[in-house]
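*Asks:* Got a structure for you, written out below as structure tokens; questions coming shortly.
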Amino acid sequence: MAHKTKWHKSCHLKFAPSKLKIILGKKRNLESGQSEGGPRKSKRMSMCMAKQESCMFCTKITATLHACATMKLDNDLRLMSTELQDAELLARIAGGDLIAIEAKYHYNCLSAYKSKYRSMQRAEHDACSHEVEITKAQSYADLFAYIEENVETGNYIFRLAELYDMLQRLLTKRGVNITTNKTRLKLRILDHFSDQCQEQSDGKSVLIIFNKGMKKKSSKMLYLHLITIQRHLLWLRQ
């Protein structure tokens, strides 16, 4: 006796070609997503967790770790790492602000990093100060050379204010914008030329007068005084 296959209509619809095509498509997409996206996502999550649980400076988990809790620390640290050109630390904190990525650190590591930054700043300041001192020395040398040239040509009197303005122009021309003290300038001139000059005043301003000029001035005054005496004697004889 032959047997006839029978089925429920609802069960038969589950195996319709259109239904099977949709189910197989979903299965392929699911398998593809697990093979391509799954492991990478898990790896990123594990790396993020590793960063959160280790010191962002030494990358070690030893000792007590402290969480970054202020944006000031975030801003300061990014500034320091940028100026120090610390590519490794910049890469570790590139995922967002330190609070968002839950960055942690050791107190000793943070303190050492700040000390390293201050050392760099001191080195840059010392280098800059050294260059400024060299520039000042060159400007003073040019000013002294100017005075010497004028003395050789017979100009023995200099106004301190004019010499001060000249020194400021020399410094500015060399890219150094600092204000020199006039008294200090006067003392340096007197010290450089030692016994060759002296400080005088015309009632309004300070003058630097070289001794050669004083001698000529004295000789001239003596000559005029003798002429006056002679004229007075001639007048008496008449």
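*Asks:* Restricting to region 180-215, give me the number of residues that are more than 41 Å from the chain's Cα centre (by Cα) and not β-branched (Val, Ile, Thr).
*Replies:* First pass over region 180-215, keeping only residues more than 41 Å from the chain's Cα centre (by Cα): 195-204, 209-215.
Now restrict to residues that are not β-branched (Val, Ile, Thr): 195-204, 210-215.
So the answer is 16.
*Asks:* Sort out which residues of region 48-81 are assigned to a loop (DSSP other than H, G, I, E, B), small (Gly, Ala, Ser) and surrounded by 11 or more Cβ atoms within 10 Å (Cβ to Cβ), and write them in order of number.
*Replies:* Taking region 48-81 as the starting set, the residues that turn out to be assigned to a loop (DSSP other than H, G, I, E, B) are 53-54, 56-65, 68-70.
Remaining after also requiring small (Gly, Ala, Ser): 54, 63, 69.
Hits for region 48-81 are Ser54, Ala63.
*Asks:* Could you tell me which residue of region 82-109 is nearest to Ser54 (Cα to Cα), considering only residues that are assigned to a helix (DSSP H, G or I) and touching a helix residue (DSSP H, G or I) at 6+ places or on another chain (Cβ under 8 Å)?
*Replies:* Per the stated criteria, the residue is Arg92.
*Asks:* Suppose we filter region 204-220 for residues that are part of a helix (DSSP H, G or I) and modelled with pLDDT under 85; how many remain? Give the steps one after another, and end with the answer.
*Replies:* Looking only at region 204-220, we keep the residues that are part of a helix (DSSP H, G or I), and these are 211-220.
If we keep only those that are modelled with pLDDT under 85 too, we end up with 212-220.
The number of residues fulfilling the criteria is 9.
*Asks:* Here's something else I'd like to know. If you check Ala112 against the conditions, is it modelled with pLDDT under 90, part of a helix (DSSP H, G or I) and among the hydrophobic types (A, V, I, L, M, F, W, C)?
*Replies:* Working: modelled with pLDDT under 90: no; part of a helix (DSSP H, G or I): yes; among the hydrophobic types (A, V, I, L, M, F, W, C): yes.
No: the conditions fail for Ala112.
*Asks:* Can we say Phe144 is crowded, with 17+ Cβ neighbours inside 10 Å and aromatic (Phe, Trp, Tyr)?
*Replies:* Working: crowded, with 17+ Cβ neighbours inside 10 Å: no; aromatic (Phe, Trp, Tyr): yes.
No, not satisfied.
*Asks:* Mind checking which residues of region 147-164 are more than 21 Å from Arg174 (Cβ to Cβ) and exposed (fewer than 12 other Cβ atoms within 10 Å of the Cβ)?
*Replies:* Answer for region 147-164, where residues must be more than 21 Å from Arg174 (Cβ to Cβ) and exposed (fewer than 12 other Cβ atoms within 10 Å of the Cβ): Glu152, Thr153, Gly154.
*Asks:* Now for a separate question. Scan Ala100, Ala67 and give me the residue that is in contact with a strand residue (DSSP E or B) (Cβ under 7 Å, 6 or more places away or on another chain) and modelled with pLDDT under 95.
*Replies:* Details: Ala100 fails: in contact with a strand residue (DSSP E or B) (Cβ under 7 Å, 6 or more places away or on another chain).
Step by step, each of Ala100, Ala67 is checked, and only Ala67 is in contact with a strand residue (DSSP E or B) (Cβ under 7 Å, 6 or more places away or on another chain) and modelled with pLDDT under 95.
*Asks:* Can you go through Leu170, Leu163, Leu190 and tell me which one is assigned to a helix (DSSP H, G or I) and touching a Cys at 6+ places or on another chain (Cβ under 8 Å)? So that I can check it myself, show each step before the final result.
*Replies:* On the way: Leu170 fails: touching a Cys at 6+ places or on another chain (Cβ under 8 Å); Leu163 fails: touching a Cys at 6+ places or on another chain (Cβ under 8 Å).
None of the other options fit; the residue is Leu190.
*Asks:* I'd like the full set of residues that are among the aromatic types (Phe, Trp, Tyr) and in the same structural domain as Lys173 (by TED's automatic domain parsing), limited to region 108-149. Give the derivation first.
*Replies:* Filtering region 108-149 down to residues among the aromatic types (Phe, Trp, Tyr) leaves 113, 117, 140, 144, 146.
Within region 108-149, Tyr140, Phe144, Tyr146 meet the criteria.
*Asks:* Then there's this: Cβ contacts < 7 Å: first residue farther than 11 Å from Arg174 by Cα, restricted to region 128-140; second residue surrounded by fewer than 17 Cβ atoms within 10 Å (Cβ to Cβ) and basic (Lys, Arg), any location; separation 6+ or different chain. Result?
*Replies:* Final answer for the pair search is Tyr140/Arg188.
*Asks:* Considering only region 97-112, I want to know if a residue exists there that is within 21 Å of the chain's Cα centre (by Cα) and of a type in the set (D, E, K, R).
*Replies:* no
The values are calculated or read from the model by the stated rules, or taken from the named source; none is laboratory data. Everything numeric in this text was worked out from a predicted model, so none of it was measured. Quick reminder, even Gly has a Cβ in these numbers, built from the backbone with ideal geometry, and neighbours come from all protein chains shown.
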